[in-house]
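Worksheet for the structure shown next.
The values are calculated or read from the model by the stated rules, or taken from the named source; none is laboratory data. Remember, it's a predicted structure, so these values are computed and weren't measured experimentally. Here Cβ is always computed from backbone atoms with ideal geometry, including for glycine, and neighbour counts include all displayed protein chains.
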Amino acid sequence: MRIVIAEDDALLREGLTLLLRNEGLDVAAATDNPDDFLSAVAAHEPDIAVVDVRMPPTFTDEGLRAAVEARRRHPKLAVLVLSAWVEQSYAHELLAGTHGGVGYLLKERVGKVADFLDSLHRVAAGGTALDPEVVSQLLVRRKADDALSVLSPREREVLGLMAEGLSNAAIGERLVISAGAVHKHIGNVFLKLGLNSEDGSGDRRVQAVLAYLDH
């Protein structure tokens, strides 16, 4: 897996580079500004980019803009965005029109190395990894207009875990319920939300849920 990093904080940038290289991954470039990031993506054609949302010169959303632009120029590029806190607008912009290969994590999750690497691999494989806090706030936003009122509390829990990118087995473990119960809840979620209930990969189901949340 070839990776390009865009992070202006030198300590975090070097830490990420060391962590990923120690895992046997190919960090082709580690940049500290959006322009160099886009140039590195063009030069190295990475499988995935790890990008900080806030970068120079204004430290608002330059990193996010660069990530979206990189996806526009290189549609097969997977992007994992890191942010110090939840920004709902950033999550929606990143997910808009996507068909997978995107992630949005809080920087504090990087310290949980196993979880971070799992998210990285999931996104690189075309899946989705949303920080649990991001999912929580997205669901709250959707509930505000009663869009999810048709779901039971348990079905909302399952929907949130699906949006995080968890597999059926992982959802069962998290909620301490059987595989059959997970399958039933997922079926109910799709039925009640009018989504395609056709069996397919977990990633396809996650994308359907995210598309609904971003609608």
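If the condition is being more than 18 Å from the chain's Cα centre (by Cα) and of a type in the set (D, E, K, R), then region 26-61 contributes Asp26, Asp32, Asp35, Asp36, Glu45. Among the residues of region 176-197, those that are among the hydrophobic types (A, V, I, L, M, F, W, C), modelled with pLDDT of 85 or more and more than 21 Å from the chain's Cα centre (by Cα) comprise Val176, Ile177, Ala179, Ala181, Val182.
Just to check your reading of the model, which residue among Pro46, Pro75 is within 20 Å of Asp26 (Cβ to Cβ) and either in contact with a helix residue (DSSP H, G or I) (Cβ under 9 Å, 6 or more places away or on another chain) or modelled with pLDDT under 95 (or both)?
Sole residue among the options that is within 20 Å of Asp26 (Cβ to Cβ) and either in contact with a helix residue (DSSP H, G or I) (Cβ under 9 Å, 6 or more places away or on another chain) or modelled with pLDDT under 95 (or both): Pro46.
There is at least one residue in region 158-169 that is modelled with pLDDT under 80, closer than 27 Å to Asp61 by Cα, touching a helix residue (DSSP H, G or I) at 6+ places or on another chain (Cβ under 6 Å) and small (Gly, Ala, Ser). Candidates in region 129-154 are the residues that are polar (S, T, N, Q) and modelled with pLDDT under 80; of these, the one that is nearest to Gly165 (Cα to Cα) is Ser136. Looking only at region 17-59, which residues are in contact (Cβ under 8 Å) with a residue 60 or more places away in the chain and charged (D, E, K, R)? Residues satisfying the conditions are Glu23, Asp47.
Scanning region 90-128 for residues that are under 20 Å from Ala170 (Cα atoms), in a helix (DSSP H, G or I) and at pLDDT below 85 turns up just one, Arg109. Would you check if there is a residue in region 10-26 being among the hydroxyl-bearing types (Ser, Thr, Tyr) and part of a loop (DSSP other than H, G, I, E, B)? No, that holds for no residue.
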